[in-house]
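K.L.:
Let me begin by handing over the structure; questions about it come next.
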Amino acid sequence: MQLTLLALILALLTVIGFMIGRSRAAASVGGRVAELHSVPSYHGVYVALWAGLPALLLFVAWTASEGWLAMQLVLSALPERLTTGDGQSVALLKADILNLARGISTGREADPLVVGAARRYAALRDLAGWSLLAVGASLAVAGLAWGRHRIGPDLRARPAVERVVRVALVVCSLVAILTTVGIVLSLLFEALRFFSVVSPLDFLFGTHWSPQMAMRADQVGSSGSFGAIPLFAGTLLITVIAMAVAVPVGLMAAIYMSEYAGRGVRTWLKPALEILAGIPTVVYGFFAALTMAPFVRSVGEAVGLDVSSESALAAGIVMGVMIIPFVSSLSDDVINAVPQSLRDGSYGLGATKSETIKQVVLPAALPGIVAAVMLAVSRAIGETMIVTMASGLTANMTANPLQAVTTVTTQIATLLVGDQEFDSPKTLSAFGLGLVLFLVTLCLNMVALRVVRTYREKYD
Amino acid sequence: MTDLVERDAAAVTPSPAPSASPKSRLRSEAFARRLRARHAAERRFRLAGAAAVALAALMLVLLLGSIVAKGASAFLEARIRLEVTLDPAEVADRNYTALLRRALYAQFPQVTDRAGKRVLNDLLSSGAPYELEAMVAKNPALAGTTLTVWVRADDQIDQLVKGAYRRDLPESERGISDARIAAADALLASGALAQGFNTTLFTAGDSREPEQAGIGGAIAGSLLTLLVTMALSVPTGIAAAVYLEEFAPKNRWTDLIEVNINNLAAVPSIIFGLLGLAVFLGFFGMPRSAPLVGGLVMALMTLPVIIIASRVALKAVPPSIRQAALGIGASPLQTVLHHVLPLAMPGILTGTIIGMARALGETAPLLMIGMVAFIVDVPHGLTDSATVLPVQIYMWADSPERAFTERTSVAILILLGVLILLNGAAVILRKIFERRW
């Protein structure tokens, strides 16, 4: 409520600031705008920035710290027996206060002290909202007045505005860096918490995966084991199947389209492949689970094989189909980048088209094709929905594509879906898997992108 | 290549008859055989290429075909016609279930025992009383009158009408009892059971009962999420592209940013979900299942796509435009904002649409941040609990009821329709505004 109001007030003040700045700039030189250092509209933007920017920065800083501050105030008012203790009980207390303050029942009889704290917390948040509104609005008005005061024929409004815009541009391009830093830090931080419970060696080289943790100490099967080798094996198996489908088909399709197909055929084929590339992965997952898996199973039964209903083969084939357009469009680019002079030279020596392709074009394009395949592998390893929907959950260590296997991404998805406490090794193990996944795909991508880059430079 | 040359050279040198002209050597039996073999290899290779393309096309047809075949029937739903007498006392008690049942029993005067009545009760959807209640709530004057209403049938009856059950199987294997089939057949014969356009599908939120479940809530959630994504990633992406392409000095830092963006575009989407879970939910304490958080995660995910596309578009604007603008006294920023950016806009727009289409179809990261919850209400705000269309598809695909398979397929059809429209728009935009300098 208060936020919407503040946003409206700020938007309004910014627009007003722009108009005031523009008209005042013109007025300050009696309408002879050529005497101004900058065009009047830059003066307008100058005042608008003074009105909007400080208030916006305050707003960001305020909302980032408000909840935390209010919680600290509330906690400091509670008796010490509640707020001391291990991290888990304090976290639970905080969650209770938050839920009660939002009017969500915690599902158990709440301590009257906690209820009181929740009420105080809600009141504090409300107060903070209104004071933010008041402070933000007055800051905006003050900024507007200051900006308006500065306006005159000698004000270098354009350079000032341009400086702000350039800073904004730099900040925007830093968002990408920040995202990477955020990914690395969050994965590392949570994975380290996981590795403080489970040794990294057991995780990376253990051969048994059953991510259960005991609720009680004496529970049967209380020791969960976090050996990730079966997951890596399952991922590898499905990736190999997918590549066995995608690489030959994708590569041959790319060769056909770039070397053989006429214009008419190409105008139809390219969009068809683009449609295949644009289909969401959840649709492929549905197709794999409800059409491909039963089909594979019935074919297997017809020839007398025992096929699991969630076979790695079905998931792998569909994943391969998903990756075909990826491989073919990357290879298409690479093949088209091979200079025509190489082909002409080969034809001049009497080679047929297929001989030229096999012995001249493909060797020349090989680095690019290898890079394309690496990117495709990285895609297959990171693909989640198809395997979550069509492959199993049991951690089988097998090379038999007719059995059910599970993959890294499937486990991450199933471990983290649903309401779970954040600090059990079971959920934290997902971050350990995520870290491995991130590092492996990062290496593949880095190498592949570098190869593509040097390859392009070679023929440009 | 070299190997090819040597082979032909070898074919030429050991020619036995010195008197024969080169022309006759080319007519020799061995040469003709070799040529035939090479041409056959050529044909085989070409065929393999065509087969690969055909296989990909076949898969596309198979995929779309299987989904259309499964989903087309979901546009219709079975409804039952009832003559309901709205007894004012029952209406006051809001006992609509009894009213509906009484009307249904009236159509089967021969059924008197409890078991038979239970079969009849189960013909109606458990949501049917609410439909009637909504009707009365809209028009309170209806109380006391008798009116003809069409209410939703149970999902099994719906599937029976659509022919999903095989009547030739014995009762135990069929999944639907003989008594229900008989009752439904009687209604069909009297015209009181018929199919109509399925409006529930488009307006309702999720439900455990297939006949009451719709994708209205998921579509609203998708729109809200996409709104946040677009509001964040489009301006940021374009600004980043403008900086990197037009202003950034070429040094180690900008090189790092560039490598970083290219890598980010290839990071598996589920990793972004982990980021959202750890940072937005864990660190900042944002609400679970909210379109706001979903949109934030998607924005980070689509950002590299938009930056890369925008940079390509900016690069395509010829330097002469910039030089002309600078020459008549525009500042560098004015040059970019007034001249370069407008000229690059069609390309940027195309890239943006493709990025948005990808965000619309993405599922995995949203599972991580709790958008996979069972949510009945249609969301209205950015912090309401919501789900999105792909996640709804994922959840329904897991449901055992036959009617959910049908609904999953139709949800996929709608999602694919929107995506094809978006991609088509991108292609058309590119065609219209494409400009060669």
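Each value in this text was obtained by applying a stated rule to the coordinates, not by laboratory testing. It should be emphasised that the depicted structure is a prediction, and the values quoted were computed from it without experimental measurement. Cβ: placed from backbone, ideal geometry, glycine included. Neighbour counts: every protein chain shown.
K.L.:
Taking each full run of DSSP H in chain A as one helix, which ones are at least 24 Å long along their axis (Cα atoms) and have mean Kyte-Doolittle hydropathy of at least -0.5? Kindly include the intermediate steps, with their values, before the conclusion.
P.N.:
Details: long enough: A:2-28 (37 Å, 1.54); A:40-77 (54 Å, 1.09); A:112-150 (56 Å, 0.61); A:157-197 (59 Å, 1.63); A:229-255 (37 Å, 2.30); A:312-337 (36 Å, 1.57); A:362-382 (29 Å, 1.73); A:425-459 (51 Å, 0.82).
Qualifying helices, which must be both long enough and hydrophobic enough, are A:2-28, A:40-77, A:112-150, A:157-197, A:229-255, A:312-337, A:362-382, A:425-459.
K.L.:
Please state the charge dipole magnitude for the protein assembly as shown, taken about the Cα centre, from unit charges on C-beta atoms (+1 on K and R, -1 on D and E), reported in debye and rounded to the nearest 20.
P.N.:
Details: 72 positive and 64 negative charges, 691 e Å.
Magnitude of the dipole: close to 3320 debye.
K.L.:
Within region A:22-52, which trypsin sites (Lys or Arg not before Pro) sit in a loop by DSSP and count at most 15 neighbouring Cβ atoms inside 10 Å?
P.N.:
Within region A:22-52, the qualifying trypsin sites (Lys or Arg not before Pro) (loop, at most 15 other Cβ atoms within 10 Å) are A:32.
K.L.:
Then there is this: How high is the relative contact order of chain B, in percent, with contacts defined as C-alpha pairs under 8 Å that are six or more residues apart?
P.N.:
18 percent
K.L.:
While we're on this one: Can you tell me the mean projection area, over all orientations, of the convex hull of the protein assembly as shown's alpha carbons? Units nm², please.
P.N.:
So the Cα hull casts an average projection of 53.7 nm².
K.L.:
Consider just the alpha-carbon atoms of region A:156-197 and return their Rg together with their Dmax, both in angstrom.
P.N.:
Considering region A:156-197 through its Cα atoms, Rg and Dmax are 18.0, 60 Å.
K.L.:
I'd like to compare A:440-448, A:401-409, A:370-378: which one has the highest average count of other Cβ atoms within 10 Å, and what's the full order after that?
P.N.:
A:401-409, A:370-378, A:440-448
K.L.:
Still on this structure, please answer the following. State the answer as a single residue: which of B:192, B:257, B:170 lies farthest towards the positive end of the charge dipole of chain B, with beta carbon charges of +1 for Lys and Arg and -1 for Asp and Glu, about the Cα centre.
P.N.:
Farthest towards the positive pole: B:257.
K.L.:
Rounded, prolate or oblate, given the Cα gyration tensor of chain B, with a/c below 1.5 counting as rounded?
P.N.:
oblate
K.L.:
Hey, which lysines would be in cross-link range of residue B:70, C-alpha to C-alpha under 26 Å, not counting anything within fewer than 8 residues on its own chain?
P.N.:
B:162
K.L.:
Suppose R0 equals 41 Å; then what is the FRET efficiency for residue B:89 and residue B:178 from their Cβ-Cβ distance, rounded to the nearest 0.05?
P.N.:
0.65
K.L.:
Taking every residue in A:298-307, how many Cβ atoms of other protein chains lie within 10 Å of its Cβ, on average? Before the final figure, lay out the partial values.
P.N.:
Details: counts 0, 0, 0, 0, 0, 0, 0, 0, 0, 0.
For this peptide, the per-residue mean of nearby foreign Cβ atoms is 0.
K.L.:
Now, a different point. Count, for each residue of B:243-254, the Cβ atoms from other chains sitting within 10 Å of its Cβ, then give me the mean as a whole number.
P.N.:
2
K.L.:
May I ask which residue of A:47, A:290, B:136 lies farthest towards the positive end of the charge dipole of the protein assembly as shown, with charges of +1 (Lys, Arg) and -1 (Asp, Glu) on Cβ and the Cα centre as origin?
P.N.:
Sorting the options by dipole projection puts first A:47.
K.L.:
When Cβ neighbours within 10 Å are restricted to other protein chains, what is their mean count per residue of peptide A:353-360?
P.N.:
That average works out to 4.
K.L.:
By how many degrees, 0 to 90 and rounded to 10, does the Cα axis of helix B:96-107 deviate from the longest principal axis of chain B?
P.N.:
Approximately 80 degrees, to the nearest 10.
K.L.:
Right, another one. Please list, or write none, the lysines whose alpha carbon is within less than 27 Å of the alpha carbon of residue A:358, excluding same-chain residues fewer than 8 places away.
P.N.:
The reachable lysines, counting only those whose Cα sits under 27 Å from residue A:358, are A:270, A:458.
K.L.:
Name the residue farthest towards the positive end of the dipole of chain A from the options A:230, A:6, A:397, assuming +1 on Cβ of Lys and Arg, -1 on Cβ of Asp and Glu, about the Cα centre.
P.N.:
So the residue we want is A:6.
K.L.:
Another question about this same structure. Running a GNM on chain B with Cα contacts under 10 Å, which residue among B:37, B:403, B:115 ends up with the highest mean-square fluctuation?
P.N.:
Checking each option, the largest mean-square fluctuation is seen for B:37.
K.L.:
Treating only the Cβ of Lys, Arg, Asp and Glu as charged (+1, +1, -1, -1), what charge dipole size does chain B show about its Cα centre? Round to the nearest 20 debye. Don't jump to the answer; show the numbers that get you there.
P.N.:
Details: 41 positive and 36 negative charges, 507 e Å.
Around 2440 debye, computed over chain B.
K.L.:
Between B:41, B:213, B:386, find the one with the highest GNM mean-square fluctuation for chain B; connect C-alpha pairs within less than 10 Å.
P.N.:
Checking each option, the largest mean-square fluctuation is seen for B:41.
K.L.:
Let me ask you something else. To the nearest 20 debye, what is the magnitude of the charge dipole of region A:2-154 about its Cα centre, counting +1 on the Cβ of each Lys and Arg and -1 on the Cβ of each Asp and Glu?
P.N.:
On the way: 12 positive and 9 negative charges, 90 e Å.
Here region A:2-154 has a charge dipole of around 440 debye.
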